[in-house]
Every structure is written in C-alpha cells, then in structure tokens.
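Since the structure comes first, as structure tokens, the remarks are kept for the end.
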Amino acid sequence: MKKLLLLGNEAIGQGALDAGLSGAYGYPGTPSTEIIEYIQRNPEAKERDVHRTWSTNEKTAMESALGMSYVGKRTIVTMKHVGLNVAADAYMNSALTGANGGVIVAVADDPSMHSSQNEQDSRFYAKFALMPAFEPSDQQEAYDMPKLAYEISEKYHLPVMMRLTTRLAHSRAGVVINNVLEENIMHLPEIKDQFMLLPAFARKKYKHLIAVQKDLEMESENSPFNKYIEGIDKSLGIIACGLAYNYLMENYDKCNYPILKIGQYPLPRKQIQNIFNECDEILILEEGMPLVEEMLKGFLGDPKIHGRLDGTLDRDGELNPMKVRKALGLPKLYSKDIPELVSGRPPALCVGCPHTDSYKALTEAMKEYGKGHVFSDIGCYTLGYLSPHNAIDTCVDMGASISMAIGASDAGFFPAIATIGDSTFGHSGITGLLDAVTQKSNVVIVILDNDITAMTGMQDSQINGRIEQVCEGVGVEKEHIRIINPLSRYHEENVKVIKEEIAYNGVSVVIPRRPCIHVFAKKKR
Amino acid sequence: MKKDIILAGVGGQGILSIAAIIGTAAIESGLHLKQAEVHGMSQRGGDVQSHLRISDKPIHSDLIPNGGADLIISVEPMESLRYIPYLSENGWLITNTKAFINIPNYPDYDELMKTIKSYPNHIALDADEIAKSIGSPRSMNMVVLGAASIFLDLSYEKLEEGIKIIFGRKGEKIVDANLKAIKAGKEFTEQNK
C-alpha cells in the first residue's frame, strides 16, 4: 500500500493523473494553484507528457480543456472561485455541449477571503449549470473522487465540478494511492453535432440536460461519497457537506444524532427526505454560502431548518470546530484570550520589491493632482494601497484597472491612471487596452512587470517578454510605450517619464520592469 | 498518543520547513497526520500559522479547536502570543525571542517578554543568536524545532531522519548545519526547562 503525504490540491492532481489524465489547464489563483503545480513537477506526468502549462486566463483554460475532451481525452481545468466568473461563458455552455473525454472543473473557493475579493460558493455555479459536483471532506476523498468524476462525466457526457475550499486545498494528510488507469485513446464524439450549439441544437441539448437530472440524482443516492449515518437521538439530524463533516466529528467521540454526509451533488433527494422525516430539527453545516440550507428551508422559511440563515451559524466566513460546537449547543472549551499587546501584522510588499520603487515614482508624479486617481488590479501590487505606500485607490477584478480608468476618463476625470501586473495584463488587460486605443482615451497604463505571477507563488506569466510588442500591436504609439527601471537611483528619471506621459493626451503605457526579488534570488542560486 | 501543535511566525521565516520535518518524522513513525498551512497573500510578510496534528488515531478536523493545542512553536515572540486561544491548559509555549519588526506598532519588547514569561509552561530562547553561534545563521527555525523536540513524543532520531529527507537535495553541508541547529535547540531546553 503506497501512501503519500499530500495537500488537498495535490491529492486532486495525483487523483486525476492516476485516473488517466491527458491534460491539465488553469490559471494560478489562491487557493487552487497547487493542483497544476503538482502535476507540473510530477515525474510520471513528465514521462507521460501530460499537458501541464499555465493558460492565459481561466476562460482559455476552460476552452482548451473542452478541446481536449472533444478529441476524447480526460482533462482537468483548475481555478479559484472568482476565476470561474472569467471562465463562466465557456463553463455554462459546456453543460450543453457536454464532454467526450471526461472533464473535471476543479474550483477552489476561499471562504473568509484569505486571499480573495469575495467568498462566492461555486456549488451555485454547478447548480446553475445543472452540472454534477463533488465536494471532498478530506485529502483521501480529494484523491479518490477524480476517478468516479471521470466515470460520471463520460457516462453522461457532461463536465463535472470538483469544489473544494481553502482549508482542504492547503492542508496535508497521508493519502493511499491506487493503481493507475490508462489514458483514453483519441476519438471524436460519436454524435457529430455534440459540440455544435446553434440554437436549434442547443434547445435539444438543454432539454436533454434537464432530462438527465433524475439520473444524476440517482448517482448521488448511490454514491460512496454520500453517507447516511444512523443515530439514536432523533431530536436533531445533521446534514454535513464536504469539510464541515470533520468539524462536526471533531466535537464528538460518537455522535448520537443521525448524520447525512454530503460529497456529491445534485443532492440525494431520498436521503434528504429520510433525515428530514426522521428528525425533529435539522442542522445544516456547509462551508461557504447556505446553498443546501436555502433549498431545504424555502423562501417562506421552514422553522425546523437551522444553519447560517437563522443565525445558528455565522452567515459569512469559514467554518471551524468552535463555530460548529456552538451551533451544536455544546459547552465552551477552555480558552484564554489573545494578550492585548499583540498587534496586527498585515501582509506587505517584500523589502526590495520593485513595486515599492514604482509606486514611489508614481506617487511623486501624481502629487499635484491629489488623491483618488489610481485604479489598480489583482496581485502583490494591490498591497500598495496600504501604508506606507498609499499609492492606489481601487481593486475590483482582473483587468478592471484599465477599463475603470477609461470610464473615469470618459467622464472627464484627469489624470486617470491604471496600475496592473504583467500576468494580470495578459489575463484580462489587453481587451481593455484595445478599448482605450480605439476610443483614444486619455489614460496612463502602468504595467508593473516583475517577470512572474508573484502573489500565487512564482508561476510563469504567459505574456512574459512580449508586453511592449502586444501594446504596440494593439495600437499604442511606440513613443508612448516607456520602459523604466524601478530602482531608487533612477527615481528622478522615472518621475519625469511618468509626468511626461500624464501630460500626453492619449493612451500611454509605462512599463516599470524589474524581476520580483524572489525570481532574482532563484536565478542567482 | 495525540499532539496538536500550532506553528507560528511571519511569512518567509521557515515555519513550513519545521512542519515538513515533524510531518515526515510522524509519517515515518506510522502516525496519522493533518497539517493546515497558509498560502497566498499572507505569506508576504504577514502573520502565518500552521495547524499540525499528529495522532495514533484518525484525525477529523484540519484545524485545532480552541484550547486544544499541546504546543505553540513560534519563530517570533509576538506571533507566539497571537495563538494563545488555542493553547490547552497544560500546553507549552516555545518561542524564539528575537523580534521581527516590520510594523510600526510593534509592542514594547520588555512587556512582550514579561507576558511570555507569565505562562508557566514556556521555553524562550534567542534562536537567531544560537544559530549564529554554531555557525549556521540560517537555521534559526531548526534551533526552535530542537527546543520543542522533547515535547513532541517523537523519537529524536526520526526528527534527524526528517531533516535528512527534507534537506537532502540541498546537499550534505545544509543537512549538517540543520542537524547541528536542532541539537543546539534541544540542549537549550534540556538545560533550561
């Protein structure tokens, strides 16, 4: 029996590899990044030459995965929850085209927003798309699920979601490894129009998708990942989804209440009905948003259903053993408070970070215009909002810096500045830049080029080495693409360049270029 | 056997190496293990922690409940106190005393030390200084691990084995420096417990 010590994310990667994976696609995003990273460094993936390079964004990743599925191969596409918004067009339609080779859409949600802008729950997307979903409770299930997920995906010709949350994604445990399945042989879809979504075909496919829901429900009833655990005390029944099951069991040596452990969706209707009929009250434990709870409670609010909606559990934020303990009405455990002298230690830009020098120059160049002019984006450089930098004013979604600067400039706001990282620019900035060029917006776009996708832990940036060519190709005038070196000894020069481009009435791109200190350190070694 | 351990520090200080070595030693000893760590934004100079759980029985939660930790092992003094709510009544606080100051409102150092010493079960050592004195200044984290080693209920040899496995690909010199560091930390605790 081979046992590996794996993060939840790594277990999914190993599970997909052992289930005959031919290609992995994704864009880095905490807490999903380690799935692809694991596959990238896995010796067997190298030997089998499993496709494993990063995509430009989640949408291109999702579409590439569909292409691999089209020719009959098993594939996985990975992203964080907000990445699924980017991939949503392809994702939603993939429920209609369905899959040929099995497709797993692995999405890692971040309740409590440890490294995110919101805490949306991807299970809503699975329900929205009428797609089956798997939600592991531990690392072993994270490893075991891909195999069944691919079987279901190929049996019903449907992509399936694997949803996990930060805590499992980034927690390690021993995982027992199974035998390895052969990869699929390349083959086109049996039905010629499977991937053809002309309206006449799409209407038929939608009816079919609705029709198979009862079969998917039956799969959930019989799933090894949905378990009804009998209990003698029927005053309460507990429905525990995914990881929440562990927080429940942490509080008992033996739980006397009936438990329905959920790991596969759509919800198993019979089992839900069973616990509902059998128990006086129902407590629903789910990580993220109250999806199951809302379904069961209904709009008018069945008073027997308890969870996040009636205040039994906090409405927002990650679960933990203490929150679940409180919801169960168990006595508080011994615990001392944090001593008062402990201060907060928020994350900060590293000492020597190129962004620090870029922001210093930008802030000085902007001094005469006052606050509120700098639209920013998603990455390490978002930390430039905090003291001592106080350099940026917004952070919304990947690429929003450029498009928001355009909108503000359209309203007559001057100057309108965008700051965006190299990888984020490749991900979603180019389309905004095209808008700016087409309508001759008066904006300065600062592309902070540190040679890497830094915040998620040093992944290659697809646009690496081609930023100015891309800007020029999109139509930015060559003399207004200015490359500067963000080092303190060039500070005066850099301020001057930024001031010149603010003064220019049109689209300017300033590229402060210096590798992330971690890339620099790595190359030196 | 059950050991619930909170590892604490500032992003980049090397708590994940401590976790990896204890984890490897635990697995090599045939124990169950769960270890939750922090990736992403907080790693950039923010406070980071890892929940490390070892047991001879299967472990449910990836997170340690309040009042459940047998040990807090910290590579930074203020960070050791951030996780006090997790410490059990008879738990041990083991911390480096060398402050990592990257915030403007870091507490008064003497007050900080007084607070740490107000917990009856504590080991406080200047692991940076000890690491320097044995000629491996970058092995501060292993000195702290050494200081905690006698509380882990894992054999010292297994921890040494863990160091050899985790640092092996970095070469013999680095392995030796880390072995020296863990030994120095262990000796400190034996003399000062």
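The values are calculated or read from the model by the stated rules, or taken from the named source; none is laboratory data. No experiment lies behind these values; they were computed from the predicted model shown. Cβ placement follows ideal geometry from the backbone for every residue including glycine, while neighbour counts extend to all protein chains displayed.
Does the range A:166-179 contain any residue that is part of a loop (DSSP other than H, G, I, E, B) and either over 22 Å from the mean Cα position of the chain (by Cα) or closer than 15 Å to residue A:209 by Cβ (or both)?
So far as the range A:166-179 goes, yes, one or more of its residues are part of a loop (DSSP other than H, G, I, E, B) and either over 22 Å from the mean Cα position of the chain (by Cα) or closer than 15 Å to residue A:209 by Cβ (or both).
Quick one: would you say residue B:103 is surrounded by fewer than 21 Cβ atoms within 10 Å (Cβ to Cβ) and either more than 8 Å from chain A (Cβ to nearest Cβ) or touching a Lys or Arg at 6+ places or on another chain (Cβ under 7 Å) (or both)?
Numbers: surrounded by fewer than 21 Cβ atoms within 10 Å (Cβ to Cβ): yes; either more than 8 Å from chain A (Cβ to nearest Cβ) or touching a Lys or Arg at 6+ places or on another chain (Cβ under 7 Å) (or both): yes.
When the stated conditions are applied, residue B:103 passes them.
Table: residues versus (1) touching an Asp or Glu at 6+ places or on another chain (Cβ under 8 Å); (2) under 19 Å from residue A:212 (Cα atoms); (3) basic (Lys, Arg).
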residue: A:102; (1), (2), (3): yes, yes, no
residue: A:106; (1), (2), (3): no, no, no
residue: A:111; (1), (2), (3): yes, no, no
residue: A:116; (1), (2), (3): yes, no, no
residue: A:130; (1), (2), (3): no, yes, no
residue: A:140; (1), (2), (3): no, no, no
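If residue B:1 passes every condition in (1) facing chain A (nearest Cβ under 8 Å); (2) among the aliphatic types (A, V, I, L, M); (3) in contact (Cβ under 8 Å) with a residue 40 or more places away in the chain; (4) over 29 Å from residue A:387 (Cα atoms) but one, which one does it miss?
Against the list (1) facing chain A (nearest Cβ under 8 Å); (2) among the aliphatic types (A, V, I, L, M); (3) in contact (Cβ under 8 Å) with a residue 40 or more places away in the chain; (4) over 29 Å from residue A:387 (Cα atoms), residue B:1 comes up short only on (1).
Of A:441, A:428, A:461, which residue is of a type in the set (Ser, Thr, Tyr) and over 26 Å from the mean Cα position of the chain (by Cα)?
Numbers: A:428 fails: over 26 Å from the mean Cα position of the chain (by Cα); A:461 fails: over 26 Å from the mean Cα position of the chain (by Cα).
Exactly one of A:441, A:428, A:461 is of a type in the set (Ser, Thr, Tyr) and over 26 Å from the mean Cα position of the chain (by Cα), namely A:441.
Confirm whether residue A:143 is touching a residue at least 24 places away in the same chain (Cβ under 8 Å), farther than 28 Å from residue A:1 by Cα and of a type in the set (Ser, Thr, Tyr).
When the stated conditions are applied, residue A:143 does not pass them.
Is there a residue being assigned to a loop (DSSP other than H, G, I, E, B), under 19 Å from residue A:222 (Cα atoms) and at pLDDT 95 or above anywhere in the range A:143-156? Quick ask: steps written out before the conclusion?
Taking the range A:143-156 and keeping what is assigned to a loop (DSSP other than H, G, I, E, B), we get A:156.
Still in the running and under 19 Å from residue A:222 (Cα atoms): A:156.
From what's left, at pLDDT 95 or above: A:156.
Among the residues of the range A:143-156, at least one is assigned to a loop (DSSP other than H, G, I, E, B), under 19 Å from residue A:222 (Cα atoms) and at pLDDT 95 or above, which makes the answer yes.
Regarding the range A:262-280, can at least one residue be identified that is surrounded by 23 or more Cβ atoms within 10 Å (Cβ to Cβ), within 14 Å of another protein chain (Cβ to nearest Cβ), in contact with a Lys or Arg (Cβ under 9 Å, 6 or more places away or on another chain) and aromatic (Phe, Trp, Tyr)?
The answer is no; no qualifying residue exists.
For the range B:80-95, which positions are among the aliphatic types (A, V, I, L, M) and more than 8 Å from every other protein chain (Cβ to nearest Cβ)?
Within the range B:80-95, the subset among the aliphatic types (A, V, I, L, M) is B:81, B:84, B:87, B:93-94.
Passing the criteria: B:93, B:94.
Considering only residues that are touching a Leu at 6+ places or on another chain (Cβ under 7 Å) and within 12 Å of another protein chain (Cβ to nearest Cβ), which ones fall in the range B:4-20?
Listed by number, the list holds a single entry, B:19.
Looking only at residues that are among the hydroxyl-bearing types (Ser, Thr, Tyr) and part of a loop (DSSP other than H, G, I, E, B) in the range A:238-289, which one is farthest from the chain's Cα centre (by Cα)? Steps first, answer last, please.
Quick first cut of the range A:238-289, residues among the hydroxyl-bearing types (Ser, Thr, Tyr) only: A:245, A:247, A:252, A:257, A:265.
Checking which are part of a loop (DSSP other than H, G, I, E, B) leaves us with A:252, A:257.
Numbers: A:252: 33, A:257: 35 Å.
Applying the filter and picking the extreme gives A:257.
Go through the range A:294-410 and tell me which helices (runs of 4 or more DSSP H), entirely inside it, have 2 or more residues that are among the aliphatic types (A, V, I, L, M) and out of contact with any Ser or Thr (no Cβ under 9 Å at 6 or more places or on another chain). Give the derivation first.
On the way: elements: A:321-327, A:354-365, A:400-410.
Helices (runs of 4 or more DSSP H) meeting the threshold: A:354-365.
Do you know which of the residues in the range B:20-50 that are within 11 Å of the chain's Cα centre (by Cα) and surrounded by 23 or more Cβ atoms within 10 Å (Cβ to Cβ) is farthest from residue A:250 (Cα to Cα)?
Checked the range B:20-50; the qualifying residue farthest from residue A:250 (Cα to Cα) is B:21.
Can you pull out the residues in the range B:126-168 that are of a type in the set (Phe, Trp, Tyr), under 12 Å from residue B:183 (Cα atoms) and not in a helix (DSSP H, G or I)?
none
Here's the yes/no breakdown for (1) in contact with a His (Cβ under 9 Å, 6 or more places away or on another chain); (2) of a type in the set (A, V, I, L, M, F, W, C); (3) away from chain B (no Cβ under 14 Å):
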| position | (1), (2), (3) |
| --- | --- |
| A:370 | no, no, yes |
| A:386 | no, yes, no |
| A:394 | no, no, yes |
| A:414 | yes, yes, yes |
| A:434 | no, yes, yes |
| A:445 | no, yes, yes |
| A:449 | no, no, yes |
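For the range A:316-342, give me each residue that is free of Cβ contacts under 8 Å to residues at least 12 places away in the same chain and more than 14 Å from chain B (Cβ to nearest Cβ).
Hit for the range A:316-342 is A:329, nothing else.
If I go through the range B:30-70 residue by residue, how many of them are within 23 Å of residue A:346 (Cα to Cα), more than 9 Å from chain A (Cβ to nearest Cβ) and not in a strand (DSSP E or B)?
Selection size over the range B:30-70: 0.
Hey, residue A:475 hits all of (1) out of contact with any strand residue (DSSP E or B) (no Cβ under 9 Å at 6 or more places or on another chain); (2) over 21 Å from residue A:375 (Cα atoms); (3) of a type outside the set (Asp, Glu) but one; which does it fall short on?
It is condition (1) that residue A:475 fails.
If residue A:374 satisfies every condition in (1) more than 30 Å from residue A:290 (Cα to Cα); (2) under 28 Å from the mean Cα position of the chain (by Cα); (3) of a type outside the set (Lys, Arg); (4) within 14 Å of chain B (Cβ to nearest Cβ) but one, which is the exception?
(4)
Residue by residue, here is whether (1) more than 8 Å from chain A (Cβ to nearest Cβ); (2) without any contact (Cβ under 8 Å) to a residue 40 or more places away in the chain holds:
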position	(1), (2)
B:26	yes, no
B:72	yes, no
B:77	yes, no
B:97	yes, yes
B:115	no, yes
B:121	yes, yes
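Please work out if residue A:206 is hydroxyl-bearing (Ser, Thr, Tyr), assigned to a helix (DSSP H, G or I), within 30 Å of residue A:65 (Cα to Cα) and touching a residue at least 24 places away in the same chain (Cβ under 8 Å).
The answer is yes for residue A:206.
Check whether at least one residue in the range A:363-380 is touching a Leu at 6+ places or on another chain (Cβ under 8 Å), within 30 Å of residue B:80 (Cβ to Cβ) and surrounded by 16 or more Cβ atoms within 10 Å (Cβ to Cβ), and report yes or no.
Yes - at least one qualifying residue is present in the range A:363-380.
For the structure I just gave you, tell me whether residue A:137 is hydroxyl-bearing (Ser, Thr, Tyr), modelled with pLDDT under 95 and assigned to a loop (DSSP other than H, G, I, E, B).
Working: hydroxyl-bearing (Ser, Thr, Tyr): yes; modelled with pLDDT under 95: no; assigned to a loop (DSSP other than H, G, I, E, B): yes.
Answer is no for this residue.
Which ranges mark the helices (runs of 4 or more DSSP H) fully within the range A:1-71 that have 2 or more residues being buried (at least 23 other Cβ atoms within 10 Å of the Cβ)?
Details: elements: A:8-18, A:34-41, A:43-48, A:58-70.
Helices (runs of 4 or more DSSP H) meeting the threshold: A:8-18, A:34-41, A:58-70.
Can you tell me which residue within the range B:33-76, out of those that are of a type in the set (Asp, Glu) and modelled with pLDDT of 95 or more, is farthest from residue A:30 (Cα to Cα)?
Initially, the range B:33-76 is screened for residues of a type in the set (Asp, Glu), giving B:37, B:47, B:56, B:62, B:70, B:76.
Checking the rest, the ones that are also modelled with pLDDT of 95 or more come to B:56, B:62, B:70, B:76.
Values: B:56: 32, B:62: 18, B:70: 30, B:76: 25 Å.
The residue in question is B:56.
Quickly run through the range A:343-362 and pick out the residues that are modelled with pLDDT of 95 or more, more than 10 Å from chain B (Cβ to nearest Cβ) and surrounded by fewer than 23 Cβ atoms within 10 Å (Cβ to Cβ).
Selection gives A:356, A:357, A:360.
Can you list residue pairs whose Cβ atoms sit under 7 Å apart, with the first residue in the range A:441-462 being free of Cβ contacts under 8 Å to residues at least 40 places away in the same chain and not assigned by TED's automatic domain parsing to the domain that holds residue A:30 and the second being of a type in the set (Gly, Ala, Ser) and part of a strand (DSSP E or B)? Count only pairs 6 or more apart in sequence or on different chains.
none
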